[in-house]
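Report on the following structure.
The values are calculated or read from the model by the stated rules, or taken from the named source; none is laboratory data. Bear in mind that the values here come from a model prediction, so they are computed numbers and not experimental data. Glycine also receives a Cβ, built like all others from the backbone with ideal geometry; neighbour counts cover every protein chain displayed.
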Amino acid sequence: MAGILFIISAPSGSGKSTLVNQLRSLVDNLEFSVSYTTRAPRGSEEEGREYHFTTHEEFERMVQNDEFLEHAEVFGNYYGTSRRSLADAKAHGKDLLLDIDVQGALQVRQRVPDAVSIFVMPPTPDILATRLRNRSRAEGGVEGEVIQRRLAKAKQEIENYREYSYILVNDILAQAEEELSAIVTCERILRDEHHVTAEEDRLMTLAKGCRQENAENRLRPVLAAFGLPD
Ligand code: ADP
Ligand code: 5GP
């Protein structure tokens, strides 16, 4: 079965890239959309692998030519998913994963209503701050102001969790990794009914527990820690 569009969003530092990288090694037939961005490459990032790095002028030209399925401004830079990513994945008979922010996810879900959306949350603001600091240190700079800005943005983004089909609380990494690949497996099985093996049944149960409507008990302490109502 091919052609499922998966969207994954998370506040910066929640562990989304870590989870997505692991998913790449666990799941076949899933392409990863390489977005366009006007931000500069970070660390070991390479053109065409993490992003297509582009100028404001080129990005603007692509917007004018309607080349984006969605685009948004995030932390002062522009990011966009090209329509061609989706067309290429379809042509290759692959599912496609979009790693995009909350604004982009809303645009895509309006255009592709059967897209499967996944929201990754950090367990608490303190843990998020620690992860942001650790990553920043590993990349050679700790900027307190940037971290404070990202924490405030995280709270705003988490407020949108109801827009997503699945919620992953990335507390214990191995558990979140298993849940993410279970969600992909489960959605494939739902679209391609066949005899379900005992292992697939276990994964479907795991994925069902992450559906937003079933994740209330896990969500409540996270929302409380961010000072949000449930
Ligand atoms: P994002 O892509 O959401 O911005 P990253 O994947 O870069 O986040 O993760 C941010 C930092 O947190 C990285 O240093 C990563 O190694 C670490 N990290 C991710 N998930 C976990 C986890 N479950 N437990 C502890 N550290 C984690
Ligand atoms: P970063 O600069 O840390 O790689 O990404 C910052 C944010 O931009 C993340 O939330 C990421 O999901 C989001 N992002 C990356 N690519 C796109 C895109 O093509 N469209 C949108 N809307 N957001 C994106």
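Based on this model, can you work out whether GLN156 counts as loosely packed, with under 13 Cβ neighbours inside 10 Å, out of contact with any Pro (no Cβ under 7 Å at 6 or more places or on another chain) and not basic (Lys, Arg)? Working first, answer last.
Working: loosely packed, with under 13 Cβ neighbours inside 10 Å: yes; out of contact with any Pro (no Cβ under 7 Å at 6 or more places or on another chain): yes; not basic (Lys, Arg): yes.
Answer is yes for this residue.
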(Q) Restricting to the range 34-78, give me the number of residues that are in a loop (DSSP other than H, G, I, E, B), polar (S, T, N, Q) and at pLDDT 95 or above. (A) 4
Q) Name the pairs: first residue in the range 165-176 and more than 16 Å from ILE8 (Cβ to Cβ), second residue in a loop (DSSP other than H, G, I, E, B) and more than 6 Å from ligand 1 (Cβ to nearest atom), Cβ to Cβ under 7 Å, at least 6 apart or on different chains? A) ASP171/PRO123
Q. Across the range 7-33, what is the total count of residues that are surrounded by 13 or more Cβ atoms within 10 Å (Cβ to Cβ), assigned to a helix (DSSP H, G or I), within 14 Å of ligand 2 (Cβ to nearest atom) and not hydroxyl-bearing (Ser, Thr, Tyr)?
A. 3
Q. How many residues, within the range 152-200, are aliphatic (A, V, I, L, M), away from ligand 2 (no atom under 15 Å from the Cβ) and over 19 Å from GLU213 (Cα atoms)?
A. 6
Q: Would you be able to say whether some residue in the range 13-23 is out of contact with any Pro (no Cβ under 9 Å at 6 or more places or on another chain), more than 16 Å from ligand 1 (Cβ to nearest atom) and modelled with pLDDT of 95 or more?
A: no
Q. Can we say ASP88 is within 16 Å of ligand 1 (Cβ to nearest atom) and in contact (Cβ under 8 Å) with a residue 24 or more places away in the chain?
A. no
Q) Between a first residue in the range 23-42 that is over 19 Å from HIS92 (Cα atoms) and a second residue that is within 16 Å of ligand 2 (Cβ to nearest atom) and small (Gly, Ala, Ser), which pairs have beta carbons less than 8 Å apart while being 6 or more apart in sequence or on different chains? A) TYR36/GLY80; TYR36/SER82; THR37/GLY80
Q) Has the range 181-194 got at least one residue that is surrounded by 14 or more Cβ atoms within 10 Å (Cβ to Cβ), modelled with pLDDT of 95 or more and either among the small types (Gly, Ala, Ser) or in a loop (DSSP other than H, G, I, E, B) (or both)? A) yes
**Q.** Within the range 122-153, considering residues that are at pLDDT below 90 and surrounded by 16 or more Cβ atoms within 10 Å (Cβ to Cβ), the one farthest from ligand 1 (Cβ to nearest atom)
**A.** ILE147
**Q.** Single unsatisfied condition, ARG39 versus (1) of a type in the set (Lys, Arg); (2) out of contact with any Ser or Thr (no Cβ under 9 Å at 6 or more places or on another chain); (3) closer than 30 Å to HIS194 by Cβ
**A.** (3)
